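Structure first, then comments.
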Amino acid sequence: MATSRRSGGTAGGSAAKPLSGYVLHTHDWSESSLILEVWTRELGRVVALAKGAKRPYSQLRSVLLPFQRLHLQLGNKRLEGGAEVQLLRSAEWAGGGPMLSGAALLSGLHLNELLLRGVARHDPHPHLFDAYASTLAALVRSREDADEAMAAAALRAFELVFLADSGVLPDLARVTATQQPVQPAARHMLLSDAGVCTATSSHDAGISGAVLLALQTALQADDRDALQQACTGAPQELKSQLRALLHEHLGTSMLRTRALMVELAQLLDRGPGR
């Protein structure tokens, strides 16, 4: 039996400590049930079967929402269609901001796509989980304050943590090929095949060494506020160069959420009736 936002307890009187998690994606399993991709702090990304979640009277309907922190109880594992699935025994709302909408919603979907594509199942990443939670909070604040720069910085900061957690982000304080310290006044490129390089042309969309040093310091200190602040120093350059690193790491030429953003921008540019 599932618990709602108002009810407490867990199914079957289990004393097991609930998991902390978010719903990343859902798809239909039967006329009444859902398969969930769930991102948990304790177990990483897991697949869960939510029996009866689509029924009109199911308490799960108001709980299993994206971008809302949940307390989850999972049951025994079993194989469904060749995949390991756990039964969702209960789900309870654990707090969170207003539902994301507009540009903030697309940003949230971008975070989810990175996790779905780039994190293996049953591989816990508690540090990345905490970064995800704080990024969602930043997206809510940016929406309330109509601060697009804050939202962009929050996304770049999460992408950096994601790449660092995946082991593919080079040391931003050193030129990768020579291991010489990055010079604050020099401009650098962050390349998927060569790491941190000194920009060789004035036409290169380089990132200042001072920004790279601030990013590396914030990453090492696990200071997310400082990391977001440092991302404001080169917003467009970081966006394009981190995108290339993400595409290389995830093995794709374009993320689905990025393609959707491009399509929406094209529609807005055309305007009504064009």
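The values are calculated or read from the model by the stated rules, or taken from the named source; none is laboratory data. Just so it is clear, the model here is predicted, and its values are computed rather than measured. Here the Cβ is made from the backbone with ideal geometry for all residues, glycine too, and neighbour counts use every protein chain on show.
If a residue has to be under 10 Å from LEU172 (Cα atoms) and either part of a loop (DSSP other than H, G, I, E, B) or modelled with pLDDT under 95 (or both) to count, how many in the stretch 204-222 make the cut? Within the stretch 204-222, residues that are under 10 Å from LEU172 (Cα atoms) and either part of a loop (DSSP other than H, G, I, E, B) or modelled with pLDDT under 95 (or both) number 0.
In summary, SER201 fulfils each of the numbered conditions (1) more than 21 Å from TRP39 (Cβ to Cβ); (2) out of contact with any strand residue (DSSP E or B) (no Cβ under 8 Å at 6 or more places or on another chain); (3) in a helix (DSSP H, G or I) with the single exception of condition (3). Between GLN266, GLN228, GLN236, the distinction of being modelled with pLDDT of 95 or more and assigned to a helix (DSSP H, G or I) belongs to GLN228 only.
Selection of the stretch 39-84 for residues being under 19 Å from LEU115 (Cβ atoms) and modelled with pLDDT under 90 yields ALA83, GLU84.
Is it fair to say ALA138 is free of Cβ contacts under 8 Å to residues at least 24 places away in the same chain, aliphatic (A, V, I, L, M) and assigned by TED's automatic domain parsing to the domain that holds LEU227?
Details: free of Cβ contacts under 8 Å to residues at least 24 places away in the same chain: no; aliphatic (A, V, I, L, M): yes; assigned by TED's automatic domain parsing to the domain that holds LEU227: yes.
So ALA138 does not fit the description; no.
The test for being free of Cβ contacts under 8 Å to residues at least 60 places away in the same chain, surrounded by 15 or more Cβ atoms within 10 Å (Cβ to Cβ) and under 13 Å from LEU242 (Cα atoms) does not hold for ALA199.
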